[in-house]
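The values are calculated or read from the model by the stated rules, or taken from the named source; none is laboratory data. In this text the structure is predicted, and so the values were computed from the model without any measurement. Positions of Cβ are backbone-derived with ideal geometry, glycine not excepted, and every protein chain shown enters the neighbour counts. Accessible surface is based on the protein model in full, side chains and every heavy atom, while ligands, DNA and RNA are left aside. Shrake-Rupley method; radii C 1.70, N 1.55, O 1.52, S 1.80 Å.
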Amino acid sequence: MNPNINLLQSYPFEKLAKLKQGCVLSTHLKAISLSLGEPQHVTPDLIVNSMNTALMHGLKKYPTTKGGEALRQSIAHWLVQRFKLPTSCLDPNKHILPVNGTREALFAFAQSVINQTASNPLVLMPNPFYQIYEGAALLAGAKPWFINCSEETNWEPDFDAVKEEVWKHCQLLYICSPNNPSGTILNISILKNLIECAEKYDFIIAADECYTEIYADETQPPIGLLQACAALGQMDFKRCVVFHSLSKRSNAPGLRSGFVAGDAEVIEQFLRYRTYHGCAMPLAVQSASIAAWGDESHVQQNRELYRKKFDAVMEILTPIMSVTRPPASFYLWPKTPIADDVFAQELFKQQNVTVLPGRFLSRTAHGTNPGQNRIRIALVASLEECVEAARRIRTFLT
Ligand SMILES: Cc1ncc(COP(=O)(O)O)c(C=O)c1O
């Protein structure tokens with residue numbers, strides 16, 4: 001067996017299941033789960049209908065790994081509109097590839113980017129982080145290098161703390177903006193600095209932007225990495241690749257649909273890798289995805305629902321917890337007055353509400369663990385359930 005498999009850590013939800021195992025509930029209250037970032041809003045009809053219509057044509061055709069022209073066109077159109085990119089700089093033939101959700105793509109990307117023969121290949125990533133980045137680095141034969149995010153850095157990765165020696169060995173940098181779990185958005189000057197840094201030390205930036213459509217202020221959508229490239233005049237998106245998904249944007253985590261876009265040379269090599277990996281997007285999923293990328297009204301309604309939940313939940317939690325409303329994402333990342341795992345376990349036992357302990361999303365790095373004494377609350381359930389859960393957290397705390 002590949003020895004690197006043994007380096008993989010158990011997944012946060014395996015740790016959570018273990019934490020809950022054997023717990024005796026001291027309540028008859030109904031279970032509410034706010035641990036998994038799985039959107040529970042209704043999947044729009046236009047997605048389901050397009051999928052059904054496509055399925056009526058049967059399943060007799062193999063899809064291509066590159067995806068159909070119509071899908072790549074619709075993605076290009078969305079990217080240009082959303083990030084105000086010059087139309088001419090984005091070629092759907094060269095810059096875009098469909099993927100079966102960003103999770104598989106974020107993983108596969110490291111496998112095709114990392115040069116294991118170089119000395120000490122490093123993959124830099126924020127801490128706390130989406131655990132796929134770490135597993136991807138390890139299985140690609142590289143070492144994960146954590147850049148801590150904390151309250152002091154406004155939950156942005158502390159890029160200034162990264163020494164030149166580390167940058168020199170960096171082959172791939174994962175960023176996550178808007179961030180899971182903090183909701184922090186990296187601003188344009190940070191993104192521009194990173195692009196310049198990638199050029200100086202010759203590494204690739206993988207920007208996980210799967211929460212970019214879930215934001216608080218309708219007039220201020222989060223900026224993306226390709227937008228920062230364009231602002232710098234780098235219309236070839238050199239060393240930059242973004243990852244987008246319909247899971248959060250369109251309440252379709254079961255569809256498994258997303259895309260990667262950016263540097264044409266990197267995309268070309270990634271396509272080559274994926275051809276062998278065998279991960280073409282089914283044609284019915286492509287049809288549903290075209291419908292989803294072409295419609296904004298369901299996304300606006302989705303954001304509105306999250307706003308209502310944040311309004312209601314913040315009103316209940318702010319007086320009793322140290323909690324900040326994030327500019328984007330559907331997570332709260334409050335401080336806990338006791339150890340995060342004990343908090344989560346006791347909240348479950350006493351109130352039958354499940355949240356994720358912060359340390360299940362982070363590692364101890366450079367002498368500290370940024371997930372310590374934090375929990376992640378995913379406001380994915382219905383408004384009523386989120387409000388009920390917030391009330392139970394209040395009862396638990398008081
Ligand atoms: C930060 C982050 N990136 C990527 C993903 C994967 O999303 P999907 O594979 O559904 O596109 C998730 C899912 O929760 C996530 O939180």
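Keeping to segment 273-297, report how many residues are touching an Asp or Glu at 6+ places or on another chain (Cβ under 9 Å) and closer than 16 Å to residue 49 by Cα.
Final tally of qualifying residues: 0.
What's the total number of residues in segment 11-55 that are open to solvent by 30 Å² or more (accessible area, probe 1.4 Å), assigned to a loop (DSSP other than H, G, I, E, B) and within 16 Å of the ligand (Cβ to nearest atom)?
Counting residues in segment 11-55 that are open to solvent by 30 Å² or more (accessible area, probe 1.4 Å), assigned to a loop (DSSP other than H, G, I, E, B) and within 16 Å of the ligand (Cβ to nearest atom) gives 5.
Looking at 132, 96, 147, can you tell me which residue is within 16 Å of the ligand (Cβ to nearest atom) and farther than 27 Å from residue 13 by Cβ? First the steps, then the outcome.
On the way: 132 fails: farther than 27 Å from residue 13 by Cβ; 147 fails: farther than 27 Å from residue 13 by Cβ.
Among 132, 96, 147, only 96 is within 16 Å of the ligand (Cβ to nearest atom) and farther than 27 Å from residue 13 by Cβ.
Of the residues in segment 13-63, how many are out of contact with any strand residue (DSSP E or B) (no Cβ under 6 Å at 6 or more places or on another chain), of a type outside the set (A, V, I, L, M, F, W, C) and under 30 Å from residue 346 (Cβ atoms)?
14
Only helices (runs of 4 or more DSSP H) wholly contained in segment 56-148 count here; list those with 2 or more residues that are farther than 22 Å from residue 364 by Cβ and of a type in the set (Ser, Thr, Tyr).
On the way: elements: 69-83, 102-113, 132-139.
Correct list: 102-113.
If I go through segment 309-331 residue by residue, how many of them are of a type outside the set (A, V, I, L, M) and touching a helix residue (DSSP H, G or I) at 6+ places or on another chain (Cβ under 6 Å)? Working first, answer last.
Residues of segment 309-331 of a type outside the set (A, V, I, L, M): 309-311, 315, 318-319, 322, 324-327, 329-331.
Of the ones still in play, those that are also touching a helix residue (DSSP H, G or I) at 6+ places or on another chain (Cβ under 6 Å) are 309, 325, 330.
So the answer is 3.
Starting from segment 9-22, take each residue that is closer than 12 Å to residue 362 by Cα and assigned by TED's automatic domain parsing to the domain that holds residue 342 and list its partners that are assigned to a loop (DSSP other than H, G, I, E, B) and not aromatic (Phe, Trp, Tyr), counting only C-beta distances under 8 angstrom and pairs at least six apart or across chains.
If the second residue must be assigned to a loop (DSSP other than H, G, I, E, B) and not aromatic (Phe, Trp, Tyr), the pairs left are 9/131; 11/131; 12/131.
So that you can scan it fast, the table gives a plain yes or no per residue for (1) acidic (Asp, Glu); (2) out of contact with any strand residue (DSSP E or B) (no Cβ under 7 Å at 6 or more places or on another chain):
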site	(1), (2)
111	no, yes
127	no, no
142	no, no
145	no, no
151	yes, yes
156	yes, no
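Does segment 161-172 contain at least one residue that is within 17 Å of residue 208 (Cβ to Cβ), under 20 Å from the mean Cα position of the chain (by Cα) and open to solvent by less than 30 Å² (accessible area, probe 1.4 Å)?
Within segment 161-172 (the criterion being within 17 Å of residue 208 (Cβ to Cβ), under 20 Å from the mean Cα position of the chain (by Cα) and open to solvent by less than 30 Å² (accessible area, probe 1.4 Å)), the answer is yes, since at least one residue qualifies.
Limited to segment 345-398, what total is found for residues that are open to solvent by less than 10 Å² (accessible area, probe 1.4 Å) and in a helix (DSSP H, G or I)?
6
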